[in-house]
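Enquirer: Have a look at this one.
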Amino acid sequence: MNATDTHCPYCALQCGMRLHPVADAVPGAPPVEVGARPSFPVNEGALCGKGRTAAAVLARSARLTAPLIRPRRGGELVETSWERALDRVADGLRETAARHGPAANGVFGGGGLTNEKAYLLGKFARAVLRTPNIDYNGRFCMSAAATAHRAAFGLDRGLPFPLADIATTGCVILAGGNPAETMPPALRYFTRMRENGGRLIVVDPRRTRTADQADLHLRPVPGTDLALALGLLHIVIAEGLVDREFIDTRTTGFQQARAAAMAHWPERVEEITGVPVPQLRQAARAFAAAPAGMVLTARGSEQHSKGTDTVRAWINLCLATGKAGRPGSGYGCLTGQGNGQGGREHGQKADQLPGYRSLTDPRARARVAEVWGVDPRSLPGPGLSAYEMLDGAGTADGIRALLVMGSNPVVSAPRAAHITERLGALDFLAVSDVVLSETAALADVVLPCAQWAEETGTLTNLEGRVILREAALAPPEGVRTDLYILRELAARLGVRRGFSEEPAEVFEELGRASAGGPADYAGIDYDRIRAEQGVFWPCPDAAHPGTPRLFLDRFATPDGRARFAGVSHRPPAEPTDADYPLHLTTGRVTAQYQSGAQTRRVAELNTAAPGPFVELHPRLARQLEVEEGEVLAVVSRRGRAVAPARITPGIRSDTVFMPFHWAGPGRANSLTNPALDPQSKMPEFKVCAVRLEKTTEA
Ligand code: SF4
């Protein structure tokens, strides 16, 4: 076996890596080891600890290798054959549709699925199950940024420029992102920018490892980024720092944005956000004065019940200062999940068809129906968003059966104890996963699937670069690919054509379905990706070079102009009060990934990040007489989570922080608030009201 150039199984950076076969691997141990791949431009050979240890999740000992079935409700999961497991899933879905109608079947996908899987899962839901109710965990990730991006620019691609452009800009406002912790190899571009004389302004309630490197760190009260962005725009306008020519020639709607911003004068914004006026002025002036600049947001600014408006406010700041649609300038979202970008383009979202087409557009429906060989009138309309689908699961009006592929909502959904209860109330639950995740453990049937290095498929990284994860080894005996699973289920449900288990064939069909749409992949194929180290969409034909930089001539709106938005501050859905006097914000640590289903099984990562913790300020610790390491219960209106105290001056004294990667008593999402952003349906993960209690619970 030769070495294989491929990509990391985890985050949206999709670092290139080289897998080397291990000739004398002991049975059950990883059969490959991870090495550097310096030729891949995004990470230039660098990997974080998760990437370096990624081979460990391939070890047979770490995963499922036979389907599991629960012979009776309340009984144990037992091993079974693939035939029996697939028959049972097909029966469960068929019986649910027969009893309650097709919409009673739900499908829940994931932002880590390859483009091919996301595409085929959407086709399975709409063309086989005929249910509108398909959504995915990306709804919990960057949906607010995606919604804002489309509204402002007519097109959503996380970064409308290559990551390396960060090194060339003059000022970056990084709002609610911590790449030093979440995607360390990306930090090089921020460092280079600063070495070139650029300035980094970090907006975060915590002094993170990224904030440590900032020229200016603004520490707003959680849930007030919208007011902060409005305040910066106010200063830019009041001090005459706008780019009038850009506003006049490339945008519309400035007057509404101006009116909203002028109602957020600096002293008012200081009162709301806690950020002193001099810092607001410093940030606004530095950004406006830079010849080129970027605002980059991540989950900290986006995961709010006003997430879309918050991102629109950041985009307003870019537009007012002429920092969009120009080289080295723009707004971008640092997507989190491995295929957070591609996962939202190919039809596993409740409101979209492949090619990032709208499900309510008759021409888009006709185009996709033609590729699928179905009547466009048979395609269902938009369905329930991720939280809405899970929240109503097992109720008279909700879904009654659910197929989950590549997601672990028991840990990652807000108000997680309630969601666990709802999943338990379903008539039927099937889960396809690599390991027995907390969600899979509730299922009636568990289908063990192949994973990253065992199957080929494309992903689209945070830059919009379509990359190819190459198979380096065969899956263990007893494991099947998700494409096989979908093909077999479709066949059992009466659809025997159009569900290939060959990734290249699915990708070719995906390209045809996307042709002419906003995210056009028609000119991309596997050989091209290999030869060019990835291809940026849109790429409508084989002769097209791909599009690393969007919007340089015009934005993707009908008139080619970007849209300002008249947005105003509003408080979080759940303000603090006497019973719940502290803000809780949640986030990530370097050594764990998302719900932890994979990384919690890697010994080296567990040593680095063994469990949850509660970060609090020394002043708060003194007030509550809490010692470092003392076990605390964090209590919200939805539940409690127990974890040791970690005392640090790097956090606001009115705020506590918990990472969300763990299940059990320390599950941070037991606390979080599912209040939804009305535009994107993003839950308010990033702020809710809590109190701390001392406890003797372990
Ligand atoms: Fe993998 Fe992301 Fe780490 Fe790169 S930064 S090695 S893609 S987890």
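Values in this text are rule-based calculations from the coordinates and carry no lab data. None of these values were measured; they are calculated from a predicted model. Quick reminder, even Gly has a Cβ in these numbers, built from the backbone with ideal geometry, and neighbours come from all protein chains shown.
Enquirer: Please order Lys117, Lys694, Lys323 by the number of other Cβ within 10 Å, starting at the fewest. Show your work: numbers first, answer last.
Expert: Details: Lys117 31, Lys694 12, Lys323 28.
Least crowded to most crowded, the residues run Lys694, Lys323, Lys117.
Enquirer: Normalised by the residues of the chain, what does the relative contact order come to in percent, with Cα pairs under 8 Å and at least six apart?
Expert: Numbers: 1750 pairs, mean separation 131.8, N = 698.
Taking the mean separation of contacting Cα pairs over the length of the chain, I get 19 percent.
Enquirer: Restricting to Cα pairs below 8 Å that are 6+ residues apart, what does the relative contact order work out to for the range 143-333? Please round to a whole percent. Walk me through the intermediate numbers first.
Expert: Numbers: 343 pairs, mean separation 58.6, N = 191.
Contact order relative to length: 31 percent.
Enquirer: What ranking of Ile173, Ile467, Ile529 emerges when the number of other C-beta atoms within 10 Å of each C-beta is taken as an exposure proxy, fewest first? Each step should come with its number before you reach the end.
Expert: Values: Ile173 30, Ile467 25, Ile529 18.
The fewest-first ordering by Cβ neighbours comes to Ile529, Ile467, Ile173.
Enquirer: Moving on. Could you work out the helix-only [θ] at 222 nm for the chain, with each DSSP H run of four or more residues adding -39,500 (n - 2.57) and the total divided by the number of residues, to the nearest 500 deg cm²/dmol?
Expert: On the way: 22 runs with 198 residues, N = 698.
Counting only the DSSP helices, I get -8000 deg cm²/dmol.
Enquirer: How big is D, in µm² s⁻¹, for the range 4-62 by Stokes-Einstein at 37 °C and 0.692 mPa s if Rh is the Kirkwood radius over C-alpha pairs? Mind showing how you got there, number by number?
Expert: Details: Rh = 11.7 Å.
The calculation lands on 281 µm²/s.
Enquirer: Based on the Cβ-Cβ distance from Ser568 to Glu505, what FRET efficiency comes out when R0 is 45 Å, to the nearest 0.05?
Expert: Values: r = 50 Å, r/R0 = 1.10.
Calculated transfer efficiency: 0.35.
Enquirer: Still on this structure, I have one more. What are the ³J(HN,Hα) values, in whole Hz, obtained from phi via the Karplus relation 6.51 cos²θ - 1.76 cosθ + 1.60 with θ = phi - 60°, for each residue of the range 196-212 in sequence order, with x given for Gly and Pro?
Expert: My calculation for the range 196-212 gives 7, x, x, 10, 10, 10, 9, 10, 6, x, 10, 7, 8, 5, 6, 4, 4 Hz in order.
Enquirer: At 7 Å along Cα-to-Cβ for each site, give me the label-to-label distance between Asn2 and Asp248 in nm.
Expert: Result for the modelled spin labels: 6.0 nm.
Enquirer: So, R0 is 60 Å and r is the distance between the beta-carbons of Glu628 and Asp351; what FRET efficiency does that work out to, to 0.05?
Expert: Details: r = 47 Å, r/R0 = 0.78.
My answer for the efficiency is 0.80.
Enquirer: For the chain, how many pairs of lysine residues have a Cα-Cα distance under 18 Å, where the two are 8 or more positions apart or belong to different chains? Present the calculation step by step, with values, prior to reporting the outcome.
Expert: Numbers: Lys117/Lys349; Lys123/Lys349; Lys306/Lys681; Lys306/Lys686; Lys349/Lys681.
Lysine pairs satisfying the spacing and distance rule in the chain number 5.
Enquirer: Apply the a/c threshold of 1.5 to the C-alpha gyration tensor of the range 196-296 and tell me whether it is rounded, prolate or oblate.
Expert: Working: a/c = 2.08, a/b = 1.28, b/c = 1.62.
Because a/c hits 1.5 or more and a/b fails to exceed b/c, the range 196-296 counts as oblate.
Enquirer: Hey, another quick one. Hey, what D do you get for the range 1-150 in µm²/s if you plug the Kirkwood alpha-carbon radius into Stokes-Einstein at 37 °C and 0.692 mPa s? Write down the numbers at each step before the final one.
Expert: Numbers: Rh = 19.0 Å.
Using the Kirkwood radius from Cα pairs, D works out to 173 µm²/s.
Enquirer: To continue, here is another question. Take Glu95 and Gln255, extend 7 Å from each Cα along the Cα→Cβ direction, and tell me the distance between the two endpoints in nm.
Expert: A separation of 6.3 nm, rounded to one decimal place.
Enquirer: Ratio to report: Rg/Rh of the range 117-265, with Cα atoms as the point set and Rh obtained by the Kirkwood method; give two decimals. Please report the intermediate quantities before stating the final value.
Expert: Values: Rg = 19.0 Å, Rh = 18.4 Å.
Ratio value, two decimals: 1.04.
Enquirer: For the range 247-263, just list the computed ³J(HN,Hα) in residue order, Karplus coefficients 6.51, -1.76 and 1.60, θ = phi - 60°, integers in Hz, with x standing in for Gly and Pro.
Expert: Karplus-based 3J(HN,Hα) across the range 247-263 equals 4, 6, 9, 10, 9, 9, x, 4, 4, 5, 5, 4, 4, 5, 5, 5, 7 Hz.
Enquirer: Okay, moving on. Compute the distance in nm between two label points, each set 7 Å from the Cα along the Cα-to-Cβ direction, one at Thr360 and one at Arg285.
Expert: Taking the two extended label points, one gets 4.6 nm.
Enquirer: Would you mind telling me the antiparallel percentage of the DSSP bridges in the chain, rounded to 5?
Expert: Working: 38 of 82 bridges.
The antiparallel proportion sits near 45 percent.
Enquirer: Using per-residue counts of other Cβ atoms within 10 Å, averaged over each peptide, order 183-190, 310-317, 103-110 from highest down.
Expert: Values: 183-190: 21.9, 310-317: 30.4, 103-110: 26.8.
In decreasing order of mean packing, 183-190, 310-317, 103-110 become 310-317, 103-110, 183-190.
Enquirer: In what order do Arg496, Arg640 fall by count of nearby beta-carbon atoms within 10 Å, going from fewest to most? Don't jump to the answer; show the numbers that get you there.
Expert: Working: Arg496 10, Arg640 19.
The most exposed by this proxy come first: Arg496, Arg640.
Enquirer: At a Förster radius of 25 Å, what calculated FRET efficiency corresponds to the Cβ-Cβ distance of Ala238 and Asp215, to the nearest 0.05?
Expert: Values: r = 23 Å, r/R0 = 0.91.
Once rounded, the FRET efficiency stands at 0.65.
Enquirer: What is the set of long-range amide H partners of Phe536 at a cut-off below 5 Å, with H atoms built 1.01 Å from backbone N?
Expert: Residues meeting the criterion, in which the H sits 1.01 Å from N, are Val466, Thr547.
Enquirer: Then there is this: Could you run the Karplus curve 6.51 cos²θ - 1.76 cosθ + 1.60 with θ = phi - 60° over the range 47-63 and give me ³J(HN,Hα) per residue in whole Hz, x for Gly and Pro?
Expert: Along the range 47-63, the couplings run 9, 8, x, 5, x, 4, 9, 4, 5, 4, 6, 7, 4, 4, 5, 9, 8 Hz.
Enquirer: If you project the alpha carbons of the chain onto the principal axes, what extent comes out on each, in Å, largest first?
Expert: 69, 65, 55
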